[in-house]
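Novice: The structure follows.
Nothing in this text is a laboratory measurement; each read-out follows from the coordinates by a stated rule. Given the structure is predicted, the values throughout are model-derived calculations rather than measurements. Note: ideal-geometry Cβ built from the backbone for every residue, glycine included; neighbour counts use all protein chains shown.
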Amino acid sequence: MDKKRQQYRCAICGYIYDPENGGRIGSIPAGTAFEDLPDEWTCPICGSDKSQFKPTISRPMYQPPK
């Protein structure tokens, strides 16, 4: 997956940071990769720091057999 589009999940509360949406809470513009967030950025739900976030595992969408 493209690093700029990788989603990250907070291990504490489950909040998912999606770079396509940015951070609606905290005024992070859409298109901001997780790696580009400021070091002092914290989870908008529980306040955990960036070290508590792990990349989500992308799974291919189910497609019925043809």
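Novice: Please go through (1) over 12 Å from Pro55 (Cβ atoms); (2) surrounded by 13 or more Cβ atoms within 10 Å (Cβ to Cβ) for Gln7 and return the number of the only condition it doesn't satisfy.
Specialist: Exception for Gln7: condition (1).
Novice: Here's another thing I want to ask about it. If you scan the stretch 2-43, which residues turn out to be among the aromatic types (Phe, Trp, Tyr) and under 10 Å from the mean Cα position of the chain (by Cα)?
Specialist: If the condition is that a residue be among the aromatic types (Phe, Trp, Tyr) and under 10 Å from the mean Cα position of the chain (by Cα), then Tyr8, Tyr15, Tyr17, Phe34 are the ones that fit.
Novice: Kindly provide the set of residues from the stretch 21-55 that are of a type in the set (Lys, Arg) and in a helix (DSSP H, G or I), ordered by number.
Specialist: Lys50, the sole residue that qualifies.
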